[in-house]
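K.L.:
Would you mind keeping the following structure in view while I ask a few things?
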Amino acid sequence: MTQDKADAVLGALVLAVAIGFLVYVGQATGFTAQRGGYDLTASFRSAEGVTVGTDVRLGGVKVGTVTAMELNPQTFRADLRLTMREGLMVPEDSAVSVATEGLLGGTFIEIIPGGSPHDLEPGAAILDTQSAVSLVTLLLRFVTGGEESPQPTGDLP
């Protein structure tokens, strides 16, 4: 009888850990639905590394999520819809940029708040955007553009 009780307790413990893990994974991946909030839009020349579910951060704190991403066929820019947390108002002269969490870290959208006393209305577009910077492009610029080609001095035969 005591073995049956121990098995039941162990089974309940394993089930509780599994449910806790599923809740954690749902929150960490953004799979759980965000309650409330409002949408803003932003258009980027390059949104490399950004996907639906990418965090939107302000001061390092998650304040929203990228909920839609599509290519604008007229401008050839990536149009993103950002769903922001309810109650957080963003000044209308704010900027957004595609940022990374270090050299090998993940990508997120960073909001750089402006100083305007007027806030963006739900559905408004953030006009000041800074696209993703490719690490490969930066390395190529460093290697090839870091120093200019040597000019002939006329001293060589």
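Nothing in this text is a laboratory measurement; each read-out follows from the coordinates by a stated rule. This structure is a prediction, so every number in the text was calculated from the model and none was measured. Cβ atoms come from the backbone with ideal geometry, glycine included; neighbour counts cover every protein chain shown.
K.L.:
Tell me, Glu70, Glu110 in order of fewest to most beta-carbon neighbours within 10 Å?
P.N.:
Neighbour counts put them in this order, fewest first: Glu70, Glu110.
K.L.:
May I ask for the net charge around Ala42, where only other residues with Cβ less than 12 Å from the Cβ of Ala42 are counted and Lys, Arg are +1 while Asp, Glu are -1?
P.N.:
-1
K.L.:
To the nearest 0.05, what FRET efficiency results for Met89 and Thr137 with a Förster distance of 35 Å applied to their C-beta separation?
P.N.:
Numbers: r = 35 Å, r/R0 = 1.00.
FRET efficiency, Met89 to Thr137: 0.50.
K.L.:
For Val56, what charge total do you get from the other residues with a beta carbon under 10 Å from its beta carbon, if Lys and Arg give +1 and Asp and Glu give -1? Mind showing how you got there, number by number?
P.N.:
Numbers: positive: Arg57, Lys62, Arg85; negative: Asp55, Glu110.
Surrounding charge for Val56 is +1.
K.L.:
So what J values fall out for segment 83-98 if you push phi through Karplus, 6.51 cos²θ - 1.76 cosθ + 1.60 with θ = phi - 60°, rounded to Hz, Gly and Pro as x?
P.N.:
Values per residue, Gly and Pro as x: 9, 9, 5, 4, x, 9, 9, 9, x, 5, 9, 6, 10, 10, 9, 8 Hz.
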